[in-house]
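The values are calculated or read from the model by the stated rules, or taken from the named source; none is laboratory data. Worth saying up front: this structure is predicted, and the values here are computed from it rather than measured. Don't worry about glycine lacking a Cβ; one is built from the backbone with ideal geometry, like all the others, and counts go over all protein chains shown.
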There are 2 protein chains.
Amino acid sequence: MTDPFTTRLSTRSRGVTSSAIREILKVANRPDIISFAGGLPAPEYFPIEAMRAAADRVLTQRGRLALQYDATEGVGELREYIAAKVSADEPGAPVKPENVILTTGSQQALDLISKVLLDPGDLIATENPSYLGALQSFRLFQATYHPVAMDEEGAEPAALAEALARAPKFAYVLPTFQNPTGRTMGAERRKAVAELFTRYEVPLVEDDPYGAIYFDQPAGPSLRSLAPDLTLALGTFSKTLAPGLRLGWVVGPEAWVARLAQVKQAADLHTSTLSQHVALEVLKSNILDEHLSVLRGVYHERCQAMLEALAREFPKGSRWTVPAGGMFVWVELPGGVDVAPLLPRVVAEEKVAYVPGAPFHPNGGGANTMRLNFTHAPADVVRDGVARLGRALTRALATTAA
Amino acid sequence: MTDPFTTRLSTRSRGVTSSAIREILKVANRPDIISFAGGLPAPEYFPIEAMRAAADRVLTQRGRLALQYDATEGVGELREYIAAKVSADEPGAPVKPENVILTTGSQQALDLISKVLLDPGDLIATENPSYLGALQSFRLFQATYHPVAMDEEGAEPAALAEALARAPKFAYVLPTFQNPTGRTMGAERRKAVAELFTRYEVPLVEDDPYGAIYFDQPAGPSLRSLAPDLTLALGTFSKTLAPGLRLGWVVGPEAWVARLAQVKQAADLHTSTLSQHVALEVLKSNILDEHLSVLRGVYHERCQAMLEALAREFPKGSRWTVPAGGMFVWVELPGGVDVAPLLPRVVAEEKVAYVPGAPFHPNGGGANTMRLNFTHAPADVVRDGVARLGRALTRALATTAA
């Protein structure tokens with residue numbers, strides 16, 4: 001522990017602890033374990049043949065471009081595509097390519113925004129609970145949190161107003177099929193929330209990785225379309241095409257996007273041009289609509305299987321969300337049970353894994369909550385896994401009560 | 001300027017200025033301009049067909065893996081490949097896969113190391129001059145610099161000892177075909193330098209992007225092989241395969257690499273699995289040795305063309321380095337000429353571009369220096385470009401003298 005590296009760690013780095021949960025969940029990748037833990041899309045539905053054909057065309061027709069250095073902001077034609085798509089989807093708030101920057105997954109957008117805005121101790125408002133990976137990213141830049149209470153439609157306006165009145169550096173909000181809760185703001189809620197941002201003039205980071213994976217109909221208008229001058233909107237191809245591309249983007253005011261580009265240059269120069277060109281080629285082949293329509297059906301079926309199994313198998317008094325899209329169901333268990341210390345035993349005995357909900361709460365709490373992913377395994381495996389998990393939890397609750 | 005984003009900029013971000021040079025060099029990408037400014041490999045020598053065939057095999061045989069999320073540290077088989085290659089090249093200091101982490105280009109390694117080690121105001125030792133992109137990365141984390149004087153073999157031991165005696169957080173050194181000077185440490189110099197690190201117990205960041213592109217013979221042993229417990233060694237596929245993959249790596253003590261993985265998770269989760277699998281497949285096809293042998297010949301010829309043209313065309317009193325590999329020649333012009341304000345005129349009038357040397361000097365100086373890249377253009381274009389640049393500089397010097 002006294003080597004010259006360890007004695008030199010930065011203050012920010014000293015705060016990073018190796019997550020016990022992360023270590024356990026590495027075990028959960030074993031093929032004999034049913035894992036509801038990750039946020040993994042169904043690999044059997046990746047558009048692999050379209051990707052293969054796209055890579056072939058890209059490397060045959062413009063290999064020199066697709067393998068060379070390119071602009072930090074991203075491949076020009078892909079910025080144009082995203083700008084056109086966003087403008088078509090949100091005609092009230094059209095954007096130009098200069099409003100778009102490609103990122104190495106949405107995760108990098110969180111890192112870049114942190115770098116541009118956060119000094120140690122700065123306040124951020126987030127939903128409570130919120131996406132763990134975002135909290136880790138902000139925490140590395142020594143943020144502090146004002147957690148905003150949620151109801152079934154996400155952040156409660158009164159609680160949000162209280163947070164924004166404290167003039168945080170920014171608020172981080174997932175309005176659609178939220179991670180981890182699966183909750184979605186309705187149209188009225190979106191309007192109320194956007195008005196609050198306009199009133200308090202606080203920058204809004206709107207993260208929307210799952211919007212395209214709705215079950216019945218798209219969620220309401222993006223918050224960005226309601227407050228375009230205040231919003232950095234994060235998008236990704238991880239859930240619609242494939243996460244392995246590490247391809248996300250940010251749409252926002254031109255000057256803000258230019259600031260992100262300045263720090264992205266120092267972070268990785270630019271995002272993989274091969275990934276960008278392959279994605280662009282797939283998008284131009286017009287398979288995306290049909291692909292998404294298949295994906296929506298499959299994920300809806302798996303979600304239904306999970307919800308029905310939860311009703312059948314989980315201990316009485318458990319409650320869960322009913323998502324209208326996305327990848328996650330959020331479960332609250334009855335009584336004072338703490339699901340984190342249970343995890344190693346459940347993995348070992350029942351060969352099933354979940355993510356304890358506590359780490360999604362920026363300032364603590366939520367020991368009796370867990371996040372379950374329903375997209376990675378087929379419906380029958382989902383049913384089997386929920387049955388095993390239900391058994392384990394029922395036993396644990398009986399022990400707690402005894 | 002008073003929007004709620006701009007008023008909230010972090011201290012680190014307020015220090016980032018939009019580079020005037022960067023804006024000029026965007027113009028230099030125009031096809032009618034001969035640019036010696038970038039660090040771009042020759043795209044006509046990218047192993048495009050090998051890449052295409054590799055992408056085809058990867059997506060045919062293991063598309064689900066190559067498109068899915070993967071470990072933050074990198075694809076297991078690629079870590080094994082790099083560990084085996086490093087161990088074979090440096091038998092005195094073998095490494096395991098656990099000593100290797102894949103990064104989104106070497107640039108990301110600089111970002112991750114900065115995050116793990118740097119608090120505002122911390123001291124770093126670097127060669128003077130040093131790689132501009134590294135200085136930008138460190139500066140974003142508010143580093144201060146102890147610049148180490150160089151001779152024809154790179155960092156001078158006496159000057160380096162003085163820097164290390166100040167116990168900097170780390171030293172950043174490019175021992176082989178240095179960026180920007182093209183200089184290389186001989187075997188004796190390497191031993192002396194490694195001994196200094198061992199004596200002062202300062203972590204060493206050894207950056208070696210160009211080592212494989214030697215003209216006659218490989219440079220001496222890596223500094224890592226001489227001080228393995230103190231070194232994070234950065235490598236990249238950008239110059240050997242293609243930069244568009246954004247694929248680099250770090251080799252170092254296991255505990256140090258684990259720290260980098262912790263912060264990489266928050267930075268981008270992991271590097272493009274598609275890029276990693278395609279690179280791995282190309283490496284397994286064993287074309288690399290022959291490819292590098294071709295590349296060495298081509299770059300050597302282009303370098304010779306540049307050196308001969310410099311002797312013919314540049315103003316009397318100019319001096320330049322004679323690199324034994326890599327991508328750059330470093331030029332020092334006579335007298336008090338400042339090449340930065342000259343750049344826009346030279347680009348406009350002579351349609352040729354270079355990078356002024358001043359920004360490569362962490363604490364200022366070097367106004368009469370410039371970096372010239374010789375790898376991107378064919379030899380006859382290199383000759384033409386140097387002739388144009390020589391004309392412009394001769395005129396400028398005449399004006400200065402008058």
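Within segment B:350-395, the residues that satisfy the criterion of being in a helix (DSSP H, G or I) and over 18 Å from residue B:28 (Cβ atoms) are B:379, B:380, B:383, B:394, B:395. Annotation note: Cβ proximity below 7 Å between a residue of segment B:59-85 that is of a type in the set (S, T, N, Q) and a residue that is in a helix (DSSP H, G or I) (sequence gap 6+ or interchain) occurs for B:60/A:52; B:68/A:43; B:68/A:243; B:68/A:244; B:68/B:273; B:72/B:261; B:72/B:264; B:72/B:265.
Only one entry in A:340, A:367, A:348 is more than 13 Å from residue A:389 (Cα to Cα) and free of Cβ contacts under 8 Å to residues at least 40 places away in the same chain, namely A:367. Only one entry of A:133, A:76, A:105, A:121 meets the criterion of being at pLDDT below 95 and within 14 Å of another protein chain (Cβ to nearest Cβ), and that entry is A:133. Candidates in segment A:36-50 are the residues that are facing chain B (nearest Cβ under 10 Å) and in contact with a strand residue (DSSP E or B) (Cβ under 8 Å, 6 or more places away or on another chain); of these, the one that is surrounded by the most Cβ atoms within 10 Å (Cβ to Cβ) is A:39. In segment B:335-373, of all residues being polar (S, T, N, Q) and out of contact with any helix residue (DSSP H, G or I) (no Cβ under 8 Å at 6 or more places or on another chain), the one that is surrounded by the fewest Cβ atoms within 10 Å (Cβ to Cβ) corresponds to B:363. Listed conditions (1) within 14 Å of chain A (Cβ to nearest Cβ); (2) polar (S, T, N, Q); (3) out of contact with any Ser or Thr (no Cβ under 7 Å at 6 or more places or on another chain) are all met by residue B:285, apart from (1).
In segment A:228-245, the residues that are not assigned by TED's automatic domain parsing to the domain that holds residue A:277 form no Cβ pair under 7 Å with any partner that is surrounded by fewer than 24 Cβ atoms within 10 Å (Cβ to Cβ), whether six or more places apart or across chains. Quick one: is residue A:270 buried (at least 20 other Cβ atoms within 10 Å of the Cβ), within 14 Å of another protein chain (Cβ to nearest Cβ), assigned to a loop (DSSP other than H, G, I, E, B) and in contact (Cβ under 8 Å) with a residue 12 or more places away in the chain? In short, yes.
Of all the listed residues (A:294, A:322, A:298, A:331), the sole one being in a loop (DSSP other than H, G, I, E, B) and not assigned by TED's automatic domain parsing to the domain that holds residue A:180 is A:322. The numbered conditions (1) in contact with a helix residue (DSSP H, G or I) (Cβ under 7 Å, 6 or more places away or on another chain); (2) under 14 Å from residue B:37 (Cβ atoms) are all true for residue B:322 except (2).
I'd like to know if segment B:11-30 contains one or more residues that are within 30 Å of residue A:40 (Cα to Cα) and in a helix (DSSP H, G or I). No, because not a single residue in segment B:11-30 is within 30 Å of residue A:40 (Cα to Cα) and in a helix (DSSP H, G or I). The criterion of being touching a Gly at 6+ places or on another chain (Cβ under 7 Å) and in contact (Cβ under 8 Å) with a residue 12 or more places away in the chain holds for residue A:327. Does residue A:72 satisfy the condition of being hydroxyl-bearing (Ser, Thr, Tyr), surrounded by fewer than 17 Cβ atoms within 10 Å (Cβ to Cβ) and assigned by TED's automatic domain parsing to the domain that holds residue A:249? Spelling it out, it is not the case that residue A:72 is hydroxyl-bearing (Ser, Thr, Tyr), surrounded by fewer than 17 Cβ atoms within 10 Å (Cβ to Cβ) and assigned by TED's automatic domain parsing to the domain that holds residue A:249. Could you tell me whether residue A:98 is more than 24 Å from the chain's Cα centre (by Cα) and either more than 8 Å from chain B (Cβ to nearest Cβ) or of a type outside the set (Ser, Thr, Tyr) (or both)? Judged against the criteria, residue A:98 is a match. Being in contact (Cβ under 8 Å) with a residue 40 or more places away in the chain, more than 30 Å from residue A:44 (Cβ to Cβ) and either not in a loop (DSSP other than H, G, I, E, B) or not assigned by TED's automatic domain parsing to the domain that holds residue A:130 (or both) is true of residue A:259. Across segment B:291-318, the number of residues qualifying as more than 23 Å from the chain's Cα centre (by Cα) and either among the charged types (D, E, K, R) or exposed (fewer than 14 other Cβ atoms within 10 Å of the Cβ) (or both) comes to 6.
One line per residue, one yes/no per condition, for (1) surrounded by 24 or more Cβ atoms within 10 Å (Cβ to Cβ); (2) away from chain B (no Cβ under 14 Å); (3) modelled with pLDDT of 95 or more:
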residue: A:153; (1), (2), (3): no, yes, yes
residue: A:158; (1), (2), (3): no, yes, yes
residue: A:170; (1), (2), (3): yes, no, yes
residue: A:180; (1), (2), (3): yes, yes, yes
residue: A:184; (1), (2), (3): yes, yes, yes
residue: A:187; (1), (2), (3): no, yes, yes
residue: A:204; (1), (2), (3): yes, no, yes
residue: A:217; (1), (2), (3): no, yes, yes
residue: A:221; (1), (2), (3): no, yes, yes
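Within segment A:97-111, can one find any residue that is part of a loop (DSSP other than H, G, I, E, B) and surrounded by fewer than 22 Cβ atoms within 10 Å (Cβ to Cβ)? Scanning segment A:97-111, I find no residue that is part of a loop (DSSP other than H, G, I, E, B) and surrounded by fewer than 22 Cβ atoms within 10 Å (Cβ to Cβ), so the answer is no. Among helices (runs of 4 or more DSSP H) entirely within segment B:128-241, having at least 2 residues that are farther than 22 Å from residue B:366 by Cβ and of a type in the set (Lys, Arg) singles out B:187-200.
Only one residue in B:8, B:14 is more than 8 Å from chain A (Cβ to nearest Cβ), more than 27 Å from residue B:350 (Cβ to Cβ) and either touching an Asp or Glu at 6+ places or on another chain (Cβ under 9 Å) or modelled with pLDDT under 95 (or both). Which one? Every option except B:14 fails the conditions.
Looking at the structure I just gave you, is residue B:63 crowded, with 17+ Cβ neighbours inside 10 Å, at positive phi and assigned by TED's automatic domain parsing to the domain that holds residue B:227? It is false that residue B:63 is crowded, with 17+ Cβ neighbours inside 10 Å, at positive phi and assigned by TED's automatic domain parsing to the domain that holds residue B:227.
This table checks each residue for (1) closer than 19 Å to residue A:91 by Cβ; (2) out of contact with any Lys or Arg (no Cβ under 7 Å at 6 or more places or on another chain).
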residue: A:204; (1), (2): no, yes
residue: A:228; (1), (2): yes, yes
residue: A:232; (1), (2): no, yes
residue: A:252; (1), (2): yes, yes
residue: A:263; (1), (2): no, no
residue: A:273; (1), (2): no, yes
residue: A:285; (1), (2): no, yes
residue: A:296; (1), (2): no, yes
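For segment A:231-258, the candidate set comprises residues that are charged (D, E, K, R) and more than 7 Å from chain B (Cβ to nearest Cβ); within that set, the residue that is farthest from residue B:75 (Cα to Cα) is A:254.
Quick one: is residue A:313 acidic (Asp, Glu), within 15 Å of residue A:215 (Cα to Cα) and not assigned by TED's automatic domain parsing to the domain that holds residue A:125? Judged against the criteria, residue A:313 is not a match.
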